[in-house]
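*Asks:* Sending over a structure as structure tokens; questions will come in a sec.
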Amino acid sequence: MRTHIHSIYLLIALVIALAGCSKREEVAPAMKSTEGLPPLEAGAVVYAQQCAACHGNNGEGNGPAAVWLYPKPRNFSAGLFKIKSTPGNSLPTDEDLFQTITRGLPGSSMPSFTFLSERDRRNVVQYIKVLTSTTDDSGKRVSRFDEHKPEAPMEVPPEPPATLETVAQGKLVYDKFKCAACHGETGVGDGPSSQGLKDNAGMPLRPRDFNSGSFRGGHTGHDLYLRIATGMAGTPMPTFGDDAMKPGERWAVVQYIQSLRRKESEINDILAPADGVIHAMRATRSLPTDPGDPLWETMDSTRVPLNPLWPEASPIPAVAVRALHDGRRVAILLQWRDPSMDGAAVRIQDFQDAAAMQFSMNGTTPFLGMGDANNPVNLWHWKASWQQEVEGQRPDVNTAYVSMHADLYPETKTLYRTAEAAGNLVAQPHTSSVEDANAHGFGTLKSQPSSGQNVMGKGVWRDGFWNLMFVRDLRPGDKDDVAFEVGQSKPVAFAVWDGQNRDRNGRKVISNWYQLHFEP
């Protein structure tokens with residue numbers, strides 16, 4: 001690879017320039033331009049379209065989305081990779097990188113990329129290896145993977161049966177190696193050293209909460225064994241290789257850590273993602289008009305895992321999705337666990353519950369962050385405050401502060417709603433709890449005019465769950481609306497905001513792309 005490194009960087013510059021072009025006609029739709037390209041060139045295209053917005057054009061972890069994400073995206077140029085099977089400071093294998101791209105890092109903003117083909121995922125692995133390049137003494141750019149070949153993966157012996165004795169031994173190992181100093185006596189991540197820990201970039205980094213936090217590199221015993229043995233490069237988590245810890249001790253502490261897991265978190269660990277397809281079944285009677293319609297209970301749901309873009313104590317782990325159509329309209333039901341109903345944010349310290357679906361307009365799977373200039377998206381954004389307004393139950397300052405003097409603005413008949421008085425379209429009285437909007441990249445979200453607001457929705461919170469239904473025509477005839485066809489699929493992604501967790505704007509939990517298929 002070294003003899004071609006300069007031509008590779010010229011290719012990188014060309015791909016990045018094309019990906020950032022603002023003229024739609026100059027760039028092919030996302031994920032179609034890799035056909036027929038050599039592996040490294042195809043990987044560069046995939047990276048520019050799917051990865052650069054977070055990891056940066058040069059892989060330095062400084063893409064435009066990085067400001068909204070925490071922990072920060074990986075800086076590939078540093079050559080430090082958290083999830084790997086190789087010992088010590090060795091670089092990861094190609095398979096390690098492929099598995100990280102495929103599975104994502106649960107509990108972080110790094111999603112699973114199973115919606116990409118295996119070929120595209122393996123090609124982008126080769127391109128990421130190029131981004132680890134450094135400048136040698138002669139001024140040439142040299143890949144770290146050329147200079148230092150990854151060592152062979154560590155051997156993981158078979159896991160012994162978990163017993164009370166092995167768990168008790170694991171507690172002794174946990175104490176012996178002072179794991180509680182960071183992870184705490186009960187594994188909640190509150191040890192005496194937890195507050196001062198930082199990653200290699202100087203950013204604060206909390207230890208993993210074994211009780212309920214997501215295991216970034218996987219939850220199986222095999223995964224945890226490797227995390228203990230290899231550490232997590234770029235973080236305070238050290239390696240406990242064969243010179244420090246025996247294999248039997250590693251298995252014992254793995255089983256002790258697993259014993260600390262809360263039951264609901266353990267269940268979320270083992271529930272595998274769906275195959276990437278959500279089936280919109282043809283209804284045999286009229287479509288439901290309410291999220292509580294018994295017809296929904298006759299259908300299987302698709303569990304869609306959600307990843308937080310910002311660390312939260314108890315992020316919503318998944319949303320259950322059901323869909324029906326009658327050949328003319330589509331109804332989609334979302335259900336997720338939420339212990340509290342958070343409506344209109346009247347007080348400055350309040351935030352509301354919300355959910356959104358994002359559809360690719362042209363059938364491609366562009367960057368999850370609201371598409372790009374050449375691959376726009378249509379968004380259906382439901383808000384709990386709008387639901388309260390539609391139902392005539394929206395709180396205002398006169399209900400939040402019952403003893404405060406209340407008055408009307410001369411331009412409006414409502415209390416203290418300055419945005420409505422100023423003519424803000426989003427703040428005007430609503431007939432639907434859903435905002436129909438479009439975007440083509442960061443900072444481009446735009447609500448459709450009143451005449452284009454054709455998505456109806458209803459959200460009901462009951463017994464610690466939100467039940468939210470969207471309804472719209474399959475083919476509304478509006479150029480800004482995604483059109484559905486029976487027998488075909490459209491890419492869709494999901495987002496949920498939890499007011500109790502102070503979610504707002506880019507602080508939320510999101511899915512990757514799924515295919516919504518309309519069954520004949």
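Read-outs throughout are calculated quantities, based only on the coordinates presented, and are distinct from any laboratory measurement. Predicted, not measured: the structure shown is a model, and the values here were computed from it. We place every Cβ from the backbone using ideal geometry, glycine too, and count neighbours over all the protein chains shown.
*Asks:* Please tell me which of these pairs span more than 20 angstrom C-alpha to C-alpha: Lys263/Lys458; Lys84/Lys140; Lys72/Lys490; Lys171/Lys246?
*Replies:* Values: Lys263/Lys458 32 Å; Lys84/Lys140 28 Å; Lys72/Lys490 31 Å; Lys171/Lys246 15 Å.
Exceeds cut-off: Lys263/Lys458; Lys84/Lys140; Lys72/Lys490.
*Asks:* I'd like to compare 444-455, 38-49, 99-110, 334-345: which one has the highest average count of other Cβ atoms within 10 Å, and what's the full order after that? Mind showing how you got there, number by number?
*Replies:* Details: 444-455: 14.8, 38-49: 22.4, 99-110: 20.8, 334-345: 18.2.
Peptide ranking by packing, descending: 38-49, 99-110, 334-345, 444-455.
*Asks:* Ok, one more. With +1 on each Lys and Arg Cβ and -1 on each Asp and Glu Cβ, and nothing else charged, work out how big the dipole of the stretch 72-219 is about its Cα centre, in Debye to the nearest 20.
*Replies:* Details: 20 positive and 18 negative charges, 95 e Å.
So the dipole magnitude of the stretch 72-219 works out to roughly 460 debye.
*Asks:* For the chain, list log₁₀ I(q)/I(0) at each q in 0.06, 0.08 Å⁻¹, using the Debye formula over Cα point scatterers of equal strength and ignoring solvent, two decimals each.
*Replies:* Per q value, in the given order, log10 I(q)/I(0) is -0.33, -0.58.
*Asks:* Given the Cα atoms of the stretch 385-520, and with Rh set as the inverse mean 1/r over their pairs in the Kirkwood sense, what is Rg to Rh to two decimals? Present the calculation step by step, with values, prior to reporting the outcome.
*Replies:* Values: Rg = 17.9 Å, Rh = 17.8 Å.
Reported Rg/Rh, Kirkwood definition of Rh: 1.00.
*Asks:* Once the other residues with Cβ under 11 Å from the Cβ of Asp190 are scored (Lys, Arg +1; Asp, Glu -1), what is the net sum? Please list the in-between numbers first.
*Replies:* On the way: positive: Arg206; negative: Glu185, Asp209.
Counting the neighbours of Asp190, the net charge comes to -1.
*Asks:* How long, wide and thick is the stretch 164-267, going by the Cα atoms along their three principal axes, in whole angstroms, largest first?
*Replies:* 39, 36, 24
*Asks:* Compute the helix-to-body angle for 247-259: its Cα long axis versus the longest principal axis of the chain, expressed 0 to 90° and rounded to tens.
*Replies:* Result, in degrees: 20.
*Asks:* Computed from the mean reciprocal separation of all distinct C-alpha pairs, what Kirkwood hydrodynamic radius does the stretch 318-469 have, in Å? Please list the in-between numbers first.
*Replies:* Numbers: mean 1/r = 0.0579 Å⁻¹.
Taking every pair of different Cα atoms in the stretch 318-469, averaging 1/r and inverting gives 17.3 Å.
*Asks:* Go through Leu97, Gly43, Gly139 and say which Cα lies farthest out towards the positive end of the charge dipole of the chain; charges sit on Cβ, +1 for Lys and Arg, -1 for Asp and Glu.
*Replies:* My answer, from the dipole projection, is Gly139.
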